[in-house]
Amino acid sequence: MHVTISTIDSTIKSENVDERVVYIEDLEKRKQAYGICGECKEPGTGEYWCQPCNAKRFKDNFKNWTSGNKDIDEFIQQSQLNAVHCYKCLEWIPFEKFQNITYIAEGGFGKIYSAEWPEGFISHWDIENQKWYRYKDSDKYALKSLNNSSDICSDFLNEINSHLQIYLNDIVECYGITQDPNNKEYMMVLIYCKNGNLRNYLNKSNNYINYKSKIDQLQRIARGLLDIHNAEKVHKDFHSGNILFNIYPYISDLGMCQPANKQKVKEEGIYGVLPYMAPEVLRGYQYTKAADIYSFGIIMNELLSEEIPFNDIPHDDFLAIKICKGLRPTISKDIPKLLADLIIKCWDAEIKNRPTTKELYQLLKKWYDEIEEIEGSEDSEDSEYSEDDEDGEDGEDGEDGEDGEDGEDSKDSKDSEDNEDSEYSGDSEYGEDSRNGDDSEDVKDSEDVKDSENADNSQISEIYFQIKECDKIRKEKFKNRSNEDKSKNFKTHPQAIYTSRLLNFKNLPNPVNSSDVPSFQVNSDDVPSVSTNLSKYNH
């Protein structure tokens, strides 16, 4: 199913969206989905949101605020006038609204801070009290400053606009813009991810994370990348530092992979983190969706192996040459063969051999759903023998306890709130919220996903069999692993650089695949190949 995401004057086509967060042109469908506005009595344009009424309110308030920058003022005003739901609405947020601002880290293009924002972001108009209802979905928010952003340009604002357009599931949310009064640098106000980036998340976790959980995380990351690619954009700076974790993973730095004061890009090099960059990009060729898929393969291997790619060697010209000659990070022998095969497909030197984002997402989701189905049937069988049995072993198997104990993801919590006092009336078909991590929105009408449910039992059991066998091996290693062993995986060479930077390589060889193909713990002629699985999604 193709739907149109509209901010009144701009559109994006996507197959992977929830109709509750898109603009529906059909009035009757809007009435069914969002109810009736309590003021104008017309169908809402989003959940608890009426675009015409709210646009008038925003416009009447334009005279009461300014950022001091004409471009920023106009940009924020346009987002407010066009917003069809609260997640499309930006604000100018005075810096004094934030409290307890704390420096977190510095990346290739700016600094990250955490801050408290007691007021919270605009959720909807409270008709009874005639004021904006603001929602505080987190104790903390992230403030991201951009280098040289005191001299902000329209290119930067266009990138933020892309960030807004692509915002669906699994993408870090932007609430607005502020400015540090001391250095005059502009800052984005973003969702705060308490577990940091993928590397922080793996390094800090003291619990075993099983393969089922990791496949779930990977299919969510792939779903976010599909959102980006469906908008006909590429990330261009896709690495583990830009995968952030609360309970679930989110893709960050969308559109922020270049300096804020950049004019037209000069042919002086490329920006990125070397271990994650596709060989054709290193050679100066155009960055494509397939290059993002290559990066996904590196990220996938890092998540599954819990080892940083090329952490023990310099990230220099020699590494770039070796990557073009087929060097890839080591794939652990206790990674299930189906997953290992998919990694190899993603980082293939031949662009045409890499899966599309749609194929990638659907295959990972298919595997996860199969595991869920089998475990669900096993639980049902167990309950026939003992109704009082508890599901204690599931948590032991590495449901990510460190994340789960904090409860709901801050990004998701707003939408799971009971909204009985809403000013909207009429037939509502909200159902389960798409932002609480539920997969109900995932390519609902895709025949490929439906077909996957009819897979034969031997194939369904294969991914389950592989992860269970490999989990046994890895779990035993995890129990015997010392803190020193763990730290080795996260130690880096002094010249191993994992922040984005300008790279410029000359005379690199044509990309080829290495002939050194690793062997895997689970290997059989009866195991269905990734190519066989992917062929189902080719049309």
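Just so it is clear, none of the values below were taken in a lab; they were calculated from the coordinates. Just so it is clear, the structure is predicted and the values come from calculations on it, not from any experiment. Ideal geometry is used to build each Cβ from the backbone, glycine not excepted, and the neighbour counts take in all protein chains shown.
Once the piece of chain linking ASP126 and ASN147 is laid out straight, how much longer is it, given 0.36 nm per residue of separation minus the C-alpha distance between them?
3.7 nm
Give, in nm to one decimal, the length gained when the segment between LYS41 and LYS479 is fully stretched (0.36 nm per residue of separation minus the Cα-Cα distance).
In short, 151.5 nm is gained.
Can you grab the distance from the C-alpha centre of segment 289-349 to the C-alpha centre of segment 165-238, Å, no decimals?
20 Å
5 Å is the cut-off here: which amide hydrogens, built 1.01 Å from N in the peptide plane, fall below it relative to GLY196, excluding neighbours closer than 5 in sequence?
Under 5 Å from the amide H of GLY196: PHE245.
Please sort 350-356, 232-238, 292-298 by packing, taking for each peptide the average over its residues of neighbouring beta carbons within 10 angstrom, highest first. Write down the numbers at each step before the final one.
Details: 350-356: 16.1, 232-238: 21.3, 292-298: 24.9.
Most protected by this proxy first, the peptides run 292-298, 232-238, 350-356.
Determine, for LYS479, LYS366, the number of other Cβ atoms within 10 Å of each Cβ, and report the residues in order from fewest to most.
Numbers: LYS479 8, LYS366 23.
The fewest-first ordering by Cβ neighbours comes to LYS479, LYS366.
Taking a threshold of 23 Å on the Cα-Cα distance, which of the pairs LYS337/LYS477; LYS56/LYS144; LYS322/LYS477; LYS212/LYS236 fall above it?
With Cα atoms farther than 23 Å apart: LYS56/LYS144; LYS322/LYS477; LYS212/LYS236.
Can you tell me the order of 63-72, 495-504 when each peptide is scored by its average per-residue count of other Cβ atoms within 10 angstrom, highest first?
Top of the packing list down: 495-504, 63-72.
Extending each Cα 7 Å along its Cβ direction at THR356 and ASN513, get the distance between those two points in nm, one decimal.
2.1 nm
Taking 0.36 nm per residue of separation and subtracting the Cα-Cα distance, what length does fully extending LYS29 through ASP316 add? Before the final figure, lay out each step's value.
On the way: separation 287, 0.36 × 287 = 103.32 nm, distance 5.57 nm.
Full extension from LYS29 to ASP316 adds 97.7 nm.
I want to check the label-to-label distance for LYS491 and PHE95. Put each point 7 Å from Cα in the C-beta direction and report it in nm to one decimal.
4.1 nm
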